[in-house]
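Step one of this worksheet: look at the structure below.
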Amino acid sequence: MRRVLIVGNSGGGKSTLARALGEALGLPVIHLDVLYWQPAWTPTDEATFRGKVAAALAAPSWICDGNFGGSWDLRMPRADTIVWLDMPRLVCLARAIWRAATYRDGARPDMAEGCREKFDLDFYRFIWSYDRKVKPRLQAALATHGARARLIRLRSNREVAAFLAQAAPGDGGSVLPNGASGSE
């Protein structure tokens, strides 16, 4: 594993896993939220964002986390491993609300400067509707753009913990937790 893409619903633990996996493997971490958001939650225009993503992924190795379906065509073909955090939506929603409460007075370590956490009903609706609206598009993108990468689909905290426990420098990409699927 030298180029790892982590995808899944907001609140699913993508950034947390990216940091932990980056540390375990000694790889740099690319948080797409940092590339996309400007202060006060101002989005970067699509062309500029795609340029930033392409430049970041030009590195020989990385861990990249984030949704941003408009850049799957850039990220998935470059990845040798795609980790899909397919967590239950109640878990994702609870984590997002917890995150807003925890970081409301400061910035998250995986977020662009000037983007303070807040309670956001539209964001929570996105999380709740993810399985219906985004997941089918993610599955199609995986089939179209990610077919060459090894897919690891993690559906629980236990599977994530097992995955991390098996990750070690020089593992050669053999990490696959018990109960996790490598070909979905």
(Q) Need one number: % antiparallel among DSSP beta bridges in the chain, to the nearest 5. (A) 15
Q | Residue-span extension gain [GLN38 to LEU90] - 0.36 nm each, minus C-alpha spacing | A | 15.9 nm
Q. Once amide H atoms are placed 1.01 Å from N in the peptide plane, what residues at a sequence separation of 5 or more from VAL83, or on another chain, have their amide H within under 5 Å of its amide H?
A. LEU5, ILE6, VAL7, ILE152
Q | Taking only Cα atoms of the range 3-166, radius of gyration then Dmax in Å | A | 15.0, 42
Q: Using a 10 Å cut-off on Cβ atoms, rank the peptides 95-102, 70-77, 14-21 from the highest mean neighbour count down.
A: 14-21, 70-77, 95-102
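Any read-out appearing in this document is the output of simple, stated calculations on the displayed coordinates, not a laboratory observation. Fair warning: this is a prediction, and the values are worked out from it, not measured in the lab. Neighbour counts are summed over all protein chains in view; Cβ atoms, including those assigned to glycine, are modelled from backbone coordinates with ideal geometry.
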